[in-house]
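Written out below as structure tokens is the structure these notes cover.
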Amino acid sequence: MKAILAREFGGPDVLKLEDVPDPVAGNGQVRVRIHAVGVNPYDTYMRAGGYAIKPELPYIPGADAAGVIDQVGPGVTGFIVGHRVYISGTALGKAHGAYAALAVCEQHQVHRLPPRISFPQGAGLFVPYVTAWRALFGRANARAGDTLLIHGASGGVGIAAVQFAVAAGLTVIGTAGTDDGLSTVKAQGAHHAVNHRSPGYLEEIVALSGGRGPDLILEMLANENLDHDLTMIAPGGRVVVIGNRGRVQIDPRKIMTKDAAVYGLALWGIPEDEVRRAHQAIIAGLESGALNPVVGTEFPLAEAARAHAKVMAPGARGKIVLIP
Ligand code: NAP
């Protein structure tokens, strides 16, 4: 089969399309013919070699994909050849193995994809939607009526969070850095969309939340924004740090005086029971129509290096997807 292989850690150019032997489904495993692969920012951190999870070289990147089961190993129940599925990791690793034409997965790593959802949409489900669900309902205790700021709402996790939060009855303010990004955020049902590159946008957010500030903030770039978040958060508010690319200086007094809390989140550390609940919430939302993954750009699998450059560039508007 064709697969993207990284034989060393480094820049996007280490990603090469190669021919590798077809994998075979073993005990308790299924093989998925991949129709679309989701590209996530962490794929680039792992490729560069500095990520918390460092696979043995050579490795096939990626944990997000969607396709059709084409082989079922012994002992598998509930899945047959022909089922449409999205995956959450592969048998090669919970965070890699998906940038390929075929992937073998443990049974718990495959999830039925409702007919109304396309394969490119299905490729953007696991990492973004499980992260967004955990941030909202597992960390921030989101409840109907809360005002939520999604600081970075135009990318994979942000869009997922907008859709979950709108369906749950929160008032949603989402930020983006371009006009396309802002329209994408509004199209998901966000009540307000604000440009995080406009001077004065923080004051605008406070005004939009009735002068109190947001009750909850999901933060995609904590190294730039965390101190500002603590300035504008409402009394008793919660900030969830999802994305961070450096160090930041904060004034802890703001946490004290606001009676606020700052939570962290790491997808790979979410307890198994919570991950199962997240997938149940995702599938229910896909079936009801509340959740609709947004595909921004598609590249052929061979152009994984270009996709890695793009996912780190400004101007997000949905998922970047590779087509094998
Ligand atoms: P993405 O699709 O690349 O989207 C990035 C988002 O951040 C876009 O909305 C982008 O908006 C926004 N952004 C850029 N500059 C910003 C700023 N100064 N202030 C606020 N937002 C800004 O990435 P993603 O998949 O949504 O992931 C978002 C972040 O969370 C990444 O850093 C990723 O590594 C991390 N993440 C962490 C976990 C975890 O387990 N903790 C899980 C998934 C993702 P514009 O491009 O329009 O400026």
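The values are calculated or read from the model by the stated rules, or taken from the named source; none is laboratory data. None of the values given here were measured: they were computed from a predicted structure. Cβ placement follows ideal geometry from the backbone for every residue including glycine, while neighbour counts extend to all protein chains displayed.
Summary of computed values
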{"read-out": "Residue within the range 183-193 that is within 20 Å of G315 (Cβ to Cβ), within 10 Å of the ligand (Cβ to nearest atom) and in contact with a Gly (Cβ under 9 Å, 6 or more places away or on another chain) present", "value": "yes"}
{"read-out": "Any hit, the range 140-148, residues being within 16 Å of the ligand (Cβ to nearest atom), buried (at least 21 other Cβ atoms within 10 Å of the Cβ) and under 15 Å from the mean Cα position of the chain (by Cα)", "value": "no"}
{"read-out": "Test result for V162, in the same structural domain as G211 (by TED's automatic domain parsing) and closer than 20 Å to G210 by Cβ", "value": "yes"}
{"read-out": "Pick from the range 208-242, criterion part of a loop (DSSP other than H, G, I, E, B) and within 19 Å of the chain's Cα centre (by Cα), ranking: surrounded by the fewest Cβ atoms within 10 Å (Cβ to Cβ)", "value": "L221"}
{"read-out": "Residues satisfying the stated conditions in the range 84-100, i.e. surrounded by 18 or more Cβ atoms within 10 Å (Cβ to Cβ) and part of a loop (DSSP other than H, G, I, E, B)", "value": "G89, A91, L92, A95, G97, A98, Y99"}
{"read-out": "Only one of L102, L125, L92 that is within 16 Å of the ligand (Cβ to nearest atom) and of a type in the set (A, V, I, L, M, F, W, C)", "value": "L125"}
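Okay, residues lined up against (1) among the hydrophobic types (A, V, I, L, M, F, W, C); (2) out of contact with any Ser or Thr (no Cβ under 8 Å at 6 or more places or on another chain):
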| position | (1), (2) |
| --- | --- |
| Y263 | no, yes |
| A266 | yes, yes |
| V275 | yes, no |
| H279 | no, no |
| L286 | yes, yes |
| P293 | no, yes |
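Yes/no matrix, rows are residues, columns are (1) away from the ligand (no atom under 15 Å from the Cβ); (2) among the hydroxyl-bearing types (S, T, Y); (3) outside any helix (DSSP H, G or I); (4) in the same structural domain as G156 (by TED's automatic domain parsing):
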site: N244; (1), (2), (3), (4): no, no, yes, yes
site: Y263; (1), (2), (3), (4): no, yes, yes, yes
site: Q280; (1), (2), (3), (4): yes, no, no, no
site: G285; (1), (2), (3), (4): yes, no, no, no
